[in-house]
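Q: Before anything else, here's the structure in question.
The values are calculated or read from the model by the stated rules, or taken from the named source; none is laboratory data. A quick note: this is a predicted structure, and the numbers were derived from the prediction, not measured. Positions of Cβ are generated from backbone atoms using ideal geometry, with glycine treated the same way; all protein chains shown enter the neighbour counts. Surface accessibility is based on the protein's heavy atoms, side chains included, excluding ligands, DNA and RNA. Shrake-Rupley method; radii C 1.70, N 1.55, O 1.52, S 1.80 Å.
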Amino acid sequence: MTARGDPATPGSGARAKDCGLGRLLFAVAASAALFSNVVATGAEPRAFVQGEVGGELKQTIEKVIGVTDRAVENRFEARRRARAAAEDAIAVLRSEGYYAYQVEPDVSDGDPPRPVVQITAGPQFVLKVPILTWDGVPPDATAAAVAIDAIALKAGSPGRAVEVIGAEGRVLAAIQKRGYADAEAGARDVVVNHTDKTVWPYYRIASGSLVRLGGLDIQPGSRTSPTFLRNLAPWKAGDVYDPDDVAELERRLLDTGVYDAVTVALGPRDASSIDGLRAVVVGVSERKPRSIEGGASFSTNEGAGVNARWTHYNRLERADTIALFGQVSDRDTRTGVDLSLPHWRRAGQTFRTGVAAYRVETDAFDEMGFGVHADVTRRDGKTSYVTGGLSLDYSQTAEITAGTLTNLGRDLVTLVALGDLLLDRSNDPLDPSQGWRVSARLEPTLIVGDTNLPYLRGVAQGSYYQSLDRQGQTVMAARLRLGRIVNGTVDQIPASQRFYAGGGGSVRGFSYQGVGPTLSDGTPRGGVFLLESSVEVRRDLTPTWGVVVFADAGAVGSSGPVDFQDLAVGAGIGVRYNLGFAPIRVDVATPVTARRGQPPFQIYVSIGQSF
């Protein structure tokens with residue numbers, strides 16, 4: 001049976017466990033990779049493509065036809081597969097603008113028989129200048145001109161179906177952006193001319209009337225104050241409809257974190273007000289007013305811990321969150337209360353405050369105290385944030401004095417001003433494959449008590465992500481972090497405020513605070529300069545399993561800029577298990593540069609990529 005191109009194509013409208021665990025994880029990684037290779041080796045095409053068809057086009061057809069690990073049992077099964085593959089091939093050819101094709105399903109001689117698709121692609125048809133007409137009253141001249149520009153189909157370019165259809169979507173988006181919210185696509189005609197080998201798209205659009213926005217139509221059942229909700233609208237009554245404004249309102253509601261679901265939609269045409277304004281219908285499904293969360297952790301490096309959190313949502317009827325929390329662990333024990341007020345004084349601005357008592361015990365220092373903080377974060381655009389704030393702490397710190405190795409206790413009051421900037425241009429907050437992130441944090445600090453000193457602490461970090469293939473299955477990621485403390489020597493700065501490196505979020509392969517200068521008894525000293533860097537290559541083996549190879553490097557300077565001869569380097573491999581929203585991360589790393597007292601490897605388990 002031979003299928004040939006039709007003369008015309010009608011369109012249609014629109015991350016520290018023991019050695020046993022380490023061996024287990026390596027076995028899991030090896031098993032996943034082996035399984036992937038076995039599957040790839042045992043599979044074969046559902047049908048074999050032969051004939052006059054170009055390289056990229058042939059690859060696309062073969063990918064659509066797909067593979068199977070089931071062998072053909074008889075000629076009947078082979079012919080059935082060939083016919084199904086022929087239909088797939090025709091769909092690809094037409095979508096790529098090959099309308100004068102010849103496609104013939106066939107079965108090879110021999111035993112076992114093989115399904116074959118013989119293809120003659122023919123010439124690729126090209127586009128003619130598209131035509132756009134308006135059904136009913138056309139939009140204003142500016143909107144009409146923008147719509148025509150949005151088609152963006154160049155005469156003589158390949159007549160691919162996806163581009164023809166995409167142009168119609170761009171036209172609708174362009175005029176809706178200019179206030180014609182009810183614009184609809186009519187019947188689309190695409191004339192395929194076999195004589196001159198052209199594709200001629202013909203679009204019909206009904207723009208409808210210009211829409212101006214009114215207030216919010218808030219659906220009943222919410223505990224949130226209607227006044228609070230109305231103040232979130234990014235438009236004034238009478239403004240021309242803009243879909244970005246409606247999307248921004250939805251984003252502002254979701255940003256609060258107190259709703260299970262949010263719906264924001266333009267009201268129906270027949271519900272316009274007397275002055276012709278259209279309301280925006282808002283519905284929110286509130287979370288349960290209270291929640292209790294608990295967790296536990298264990299690490300041979302950092303010890304055991306448990307934590308609990310009691311949260312009350314929307315207690316003040318303005319999408320607020322009040323949380324009581326407690327944590328007990330070998331290294332960090334604390335309890336306190338936090339309050340968050342989203343959209344405080346203006347939309348996109350969040351006020352957070354809290355008070356906490358804490359006890360921290362590390363190899364470098366012990367600290368006990370309590371403090372209060374308050375900060376304001378403003379969102380600029382979708383993923384850019386600026387934060388400013390203040391914190392005040394009273395603490396008792398115990399540390400080892402350099403030289404004498406005696407215990408030094410300090411009673412301190414610490415006042416910190418905070419300035420923080422985050423620019424996120426990556427495509428995913430937990431598992432990015434493209435883009436970049438930049439953050440910078442400045443903390444002007446004043447300490448009084450047993451030590452009186454003003455100083456400035458600053459940290460900056462940048463990360464970059466680049467997919468190495470079209471499918472995004474292989475991703476290279478890189479990170480650089482720099483830190484500096486100005487106007488204080490390492491001995492003047494409290495040990496709890498110095499820089500340290502090593503561990504799962506720093507230099508893998510080394511223990512927590514295991515990178516940098518130490519005292520003669522091996523106690524981490526910390527420093528006033530910090531350098532960290534990481535490079536990873538992440539590879540998806542299956543939709544669920546992935547592997548990573550990485551190298552981290554870092555150094556801490558105690559009195560001057562980082563000496564690269566003291567650079568600590570760690571390297572390792574990791575396994576990723578995709579949960580859908582983020583991967584579980586298991587990394588095994590070993591020190592490349594030898595350090596006294598360091599174990600031969602470290603294991604880190606966490607959720608989300610390392611950076």
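Q: Only one of these conditions is not met by Asp363: (1) open to solvent by 70 Å² or more (accessible area, probe 1.4 Å); (2) at pLDDT 95 or above; (3) not in a strand (DSSP E or B). Which number is it?
A: The failed condition is (2).
Q: To continue, here is another question. If I filter segment 212-264 down to residues being loosely packed, with under 13 Cβ neighbours inside 10 Å and among the basic types (Lys, Arg), which single residue comes out as farthest from Arg315 (Cα to Cα)?
A: Lys236
Q: Can you tell me which residues in segment 108-143 are outside any loop (DSSP other than H, G, I, E, B), in contact with a Phe, Trp or Tyr (Cβ under 9 Å, 6 or more places away or on another chain) and surrounded by fewer than 19 Cβ atoms within 10 Å (Cβ to Cβ)? Even if it seems obvious, please write down each step before you answer.
A: We begin by selecting, within segment 108-143, every residue outside any loop (DSSP other than H, G, I, E, B); these are 115-120, 126-127, 131-134, 141-143.
Next, from what is left, pick out any that are in contact with a Phe, Trp or Tyr (Cβ under 9 Å, 6 or more places away or on another chain): 115-117, 119-120, 127, 131-133, 143.
Scanning segment 108-143 gives Thr120, Ile131, Leu132, Thr133.
Q: Now for a separate question. Could you please find all residues in segment 581-606 being modelled with pLDDT of 85 or more, under 20 Å from Gly522 (Cβ atoms) and not polar (S, T, N, Q)?
A: Listed by number, the residues that qualify are Pro591, Pro600, Phe601.
Q: Taking Ser467 as the residue in question, decide whether it is closer than 15 Å to Val556 by Cβ, in contact with a strand residue (DSSP E or B) (Cβ under 8 Å, 6 or more places away or on another chain) and among the hydroxyl-bearing types (Ser, Thr, Tyr). Steps first, please.
A: On the way: closer than 15 Å to Val556 by Cβ: no; in contact with a strand residue (DSSP E or B) (Cβ under 8 Å, 6 or more places away or on another chain): yes; among the hydroxyl-bearing types (Ser, Thr, Tyr): yes.
Against the criterion (closer than 15 Å to Val556 by Cβ, in contact with a strand residue (DSSP E or B) (Cβ under 8 Å, 6 or more places away or on another chain) and among the hydroxyl-bearing types (Ser, Thr, Tyr)), Ser467 does not qualify.
Q: What's the number of the only condition in (1) buried (at least 16 other Cβ atoms within 10 Å of the Cβ); (2) assigned to a strand (DSSP E or B); (3) under 32 Å from the mean Cα position of the chain (by Cα) that Arg378 fails to meet?
A: In the conditions (1) buried (at least 16 other Cβ atoms within 10 Å of the Cβ); (2) assigned to a strand (DSSP E or B); (3) under 32 Å from the mean Cα position of the chain (by Cα), Arg378 misses (1) alone.
Q: Please pick out the residue among Ile148, Ile165 that is open to solvent by 30 Å² or more (accessible area, probe 1.4 Å) and under 24 Å from Val240 (Cβ atoms). Spell out how you get there, then give the answer.
A: Values: Ile165 fails: under 24 Å from Val240 (Cβ atoms).
None of the others qualify; the one that does is Ile148.
Q: Could you tell me how many of the residues in segment 405-427 are within 30 Å of Leu253 (Cα to Cα) and either touching a His at 6+ places or on another chain (Cβ under 6 Å) or not in a strand (DSSP E or B) (or both)? Reasoning before the result, please.
A: Kept after step one, since they are within 30 Å of Leu253 (Cα to Cα), are these residues of segment 405-427: 417-427.
Next, only the ones that are either touching a His at 6+ places or on another chain (Cβ under 6 Å) or not in a strand (DSSP E or B) (or both) stay: 425-427.
Residues meeting the conditions: 3.
Q: Check whether at least one residue in segment 203-226 is modelled with pLDDT of 95 or more and within 16 Å of Val126 (Cα to Cα), and report yes or no.
A: No: segment 203-226 contains no residue that is modelled with pLDDT of 95 or more and within 16 Å of Val126 (Cα to Cα).
Q: Being over 29 Å from Val164 (Cα atoms) and either open to solvent by less than 30 Å² (accessible area, probe 1.4 Å) or part of a helix (DSSP H, G or I) (or both) is the filter here, so list the residues in segment 62-102 that pass it. Show your work before the answer.
A: Taking segment 62-102 first, the residues over 29 Å from Val164 (Cα atoms) are 67-82.
Correct list: Thr68, Val72, Arg75, Phe76, Glu77, Ala78, Arg79, Arg80, Arg81, Ala82.
Q: Can I ask one more? Is segment 186-201 home to any residue that is over 18 Å from Leu277 (Cβ atoms), open to solvent by 60 Å² or more (accessible area, probe 1.4 Å) and touching a Leu at 6+ places or on another chain (Cβ under 8 Å)?
A: yes
Q: Select from segment 536-552 the residues that are in a strand (DSSP E or B) and touching a helix residue (DSSP H, G or I) at 6+ places or on another chain (Cβ under 7 Å) and list them in ascending order. Reasoning before the result, please.
A: Step one: filter segment 536-552 for residues in a strand (DSSP E or B), giving 536-540, 545-552.
Passing the criteria: Trp545, Val547.
Q: Answer yes or no: is there a residue in segment 573-580 that is closer than 30 Å to Ser520 by Cβ, small (Gly, Ala, Ser) and surrounded by 21 or more Cβ atoms within 10 Å (Cβ to Cβ). Break it down into steps so the answer makes sense when it comes.
A: Applying the first criterion (closer than 30 Å to Ser520 by Cβ) to segment 573-580 yields none.
Within segment 573-580 (the criterion being closer than 30 Å to Ser520 by Cβ, small (Gly, Ala, Ser) and surrounded by 21 or more Cβ atoms within 10 Å (Cβ to Cβ)), the answer is no, since none of the residues qualifies.
Q: Given (1) under 25 Å from the mean Cα position of the chain (by Cα); (2) surrounded by fewer than 18 Cβ atoms within 10 Å (Cβ to Cβ); (3) not in a strand (DSSP E or B), identify the lone condition not met by Ala402.
A: The failed condition is (1).
Q: Only one of these is over 31 Å from the mean Cα position of the chain (by Cα), surrounded by 15 or more Cβ atoms within 10 Å (Cβ to Cβ) and on the phi > 0 side of the Ramachandran plot: Gly526, Gly608, Gly597, Gly509. Name it. Can you show your working first?
A: Working: Gly608 fails: over 31 Å from the mean Cα position of the chain (by Cα); Gly597 fails: surrounded by 15 or more Cβ atoms within 10 Å (Cβ to Cβ); Gly509 fails: over 31 Å from the mean Cα position of the chain (by Cα).
When all the criteria are applied, what remains is Gly526.
Q: Further question on the same structure: Is there any pair linking a residue in segment 123-135 that is charged (D, E, K, R) to one that is part of a strand (DSSP E or B), with Cβ under 6 Å and at least six apart or on different chains, and which?
A: The qualifying pairs are Lys128/Thr198; Lys128/Trp200; Asp135/Arg204; Asp135/Ala206.
Q: What number of residues in segment 464-502 are surrounded by fewer than 15 Cβ atoms within 10 Å (Cβ to Cβ) and among the polar types (S, T, N, Q)?
A: Number of matching residues: 5.
Q: Quick one: would you say Arg457 is over 17 Å from the mean Cα position of the chain (by Cα), basic (Lys, Arg) and either crowded, with 17+ Cβ neighbours inside 10 Å or not in a loop (DSSP other than H, G, I, E, B) (or both)? Walk me through it before giving the result.
A: Numbers: over 17 Å from the mean Cα position of the chain (by Cα): yes; basic (Lys, Arg): yes; either crowded, with 17+ Cβ neighbours inside 10 Å or not in a loop (DSSP other than H, G, I, E, B) (or both): yes.
Spelling it out, Arg457 is indeed over 17 Å from the mean Cα position of the chain (by Cα), basic (Lys, Arg) and either crowded, with 17+ Cβ neighbours inside 10 Å or not in a loop (DSSP other than H, G, I, E, B) (or both).
Q: A further question on this structure: I'd like to check which strands (runs of 3 or more DSSP E) are fully inside segment 157-238 and have at least 3 residues that are of a type in the set (Phe, Trp, Tyr) and over 30 Å from Thr256 (Cβ atoms).
A: Details: elements: 189-193, 198-206, 212-218.
Correct list: 198-206.
Q: Looking only at residues in segment 434-454 that are polar (S, T, N, Q) and surrounded by fewer than 15 Cβ atoms within 10 Å (Cβ to Cβ), which one is farthest from Leu412 (Cα to Cα)?
A: Gln434
Q: Now for a separate question. Report the residue count in segment 479-505 for those that are of a type in the set (S, T, N, Q) and on the phi > 0 side of the Ramachandran plot. Even if it seems obvious, please write down each step before you answer.
A: Restricting attention to segment 479-505, the residues satisfying the condition of being of a type in the set (S, T, N, Q) are 487, 489, 492, 496-497.
From the residues that got through so far, the ones that are on the phi > 0 side of the Ramachandran plot too are 487.
Looking only at that region, the number is 1.
Q: Would you be able to say whether some residue in segment 553-568 is open to solvent by 20 Å² or more (accessible area, probe 1.4 Å), assigned to a strand (DSSP E or B) and among the aliphatic types (A, V, I, L, M)?
A: no
Q: Could you please find all residues in segment 255-290 being of a type in the set (A, V, I, L, M, F, W, C) and either assigned to a strand (DSSP E or B) or at positive phi (or both)? Can you show your working first?
A: Keep residues of segment 255-290 that are of a type in the set (A, V, I, L, M, F, W, C), which gives 258, 261-262, 264-266, 271, 274, 277, 279-282, 284.
Of everything in segment 255-290, those that are of a type in the set (A, V, I, L, M, F, W, C) and either assigned to a strand (DSSP E or B) or at positive phi (or both) turn out to be Ala261, Val262, Val264, Ala265, Leu266, Leu277, Ala279, Val280, Val281, Val282, Val284.
Q: When Gly110 is evaluated against the numbered criteria (1) at pLDDT below 95; (2) on the phi < 0 side of the Ramachandran plot, which criterion, by number, is the only one it fails?
A: (2)
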